[in-house]
1. Check segment 17-28 and report whether any residue there is of a type outside the set (S, T, N, Q) and within 16 Å of the ligand (Cβ to nearest atom).
2. Taking interchain pairs and intrachain pairs at least six residues apart, which have beta carbon atoms under 8 angstrom, with the first residue in segment 6-17 and on the phi > 0 side of the Ramachandran plot and open to solvent by less than 40 Å² (accessible area, probe 1.4 Å) and the second of a type in the set (Ser, Thr, Tyr) and not in a loop (DSSP other than H, G, I, E, B)?
3. Report, ordered by the first and then the second residue, all pairs with beta carbons closer than 6 Å, sequence separation of six or more or different chains, a first member in segment 43-56 that is closer than 24 Å to residue 89 by Cα, and a second member that is away from the ligand (no atom under 12 Å from the Cβ) and assigned to a loop (DSSP other than H, G, I, E, B).
4. Pairs, please: C-beta under 8 Å, at least 6 apart or cross-chain, first residue among the aromatic types (Phe, Trp, Tyr) and in segment 65-85, second within 16 Å of the ligand (Cβ to nearest atom) and part of a helix (DSSP H, G or I)?
5. Could you list, in sequence order, the residues of segment 80-95 that are over 13 Å from residue 41 (Cβ atoms) and among the β-branched types (Val, Ile, Thr)?
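The values are calculated or read from the model by the stated rules, or taken from the named source; none is laboratory data. Treat the numbers as computed from the prediction; the structure is a model and nothing was measured. Note: ideal-geometry Cβ built from the backbone for every residue, glycine included; neighbour counts use all protein chains shown. Note: accessible area is taken over every heavy atom of the protein model, side chains too, but ligands, DNA and RNA are not part of it. Shrake-Rupley method; radii C 1.70, N 1.55, O 1.52, S 1.80 Å.
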Amino acid sequence: MNNLAPIISEDDIPQEYRRTPIGLLLEYHNLNRPLDNYDKAEILVGMCMDNRKHLHIPDNFAFIIRSGGANLRYSEFKVSYAIGVGQVSHIALIGHDNCGMVNLNSRKNEFITGLINTAGWERERAEEHFMHFAPMFEISNETDFILSETKRLRIRYPKIMIAPLLYLIADNKLYFIKETQAAITGTAETW
Ligand SMILES: [Zn+2]
């Protein structure tokens, strides 16, 4: 994954994100910044439901929406709630490597058999369920999906700062997914 930028010191945090809740998220999680006290959320985090991930952040610091692949397309009302009522103006979208939402089709039989055996579903209903929902939740690959989801949300919520991140399961650290500067600020430089 050569489109990832590691954050191992404060200098690695891109300028535009420093001293924002996104920069702070990176400092808490990657750089062991001492946890501050918060009485309201500063940021909305969108991340995958996958059980292998845990964020090291202060209490009250973040609203967190977890869904397969960090896909917020079907959680938009909750995103709007965090912004409108929760007053956050920053979103961190966190994908991760080895995500189960990539190539969902390869797990079709496992999914269907599991619903039959574990939940007591009829085969036909389980098959229909998979066929109906898999296309909505399937993602092509983790980093491309997070970049496209970031782009979509920036258009939808133009005043909100949104950062595309990836959580690597091997070291439990957050990485920036590199994007062109043009995508962030409208200029033509490459980051
Ligand atoms: Zn996942």
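1. No, because not a single residue in segment 17-28 is of a type outside the set (S, T, N, Q) and within 16 Å of the ligand (Cβ to nearest atom).
2. none
3. 43/88; 44/88; 46/72
4. What qualifies is 74/136.
5. 94
Results for (1) loosely packed, with under 12 Cβ neighbours inside 10 Å; (2) modelled with pLDDT under 95, shown as yes or no for each residue.
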{"site": "96", "(1), (2)": "no, no"}
{"site": "106", "(1), (2)": "yes, yes"}
{"site": "121", "(1), (2)": "no, no"}
{"site": "124", "(1), (2)": "yes, no"}
{"site": "131", "(1), (2)": "yes, no"}
{"site": "138", "(1), (2)": "no, yes"}
{"site": "146", "(1), (2)": "no, no"}
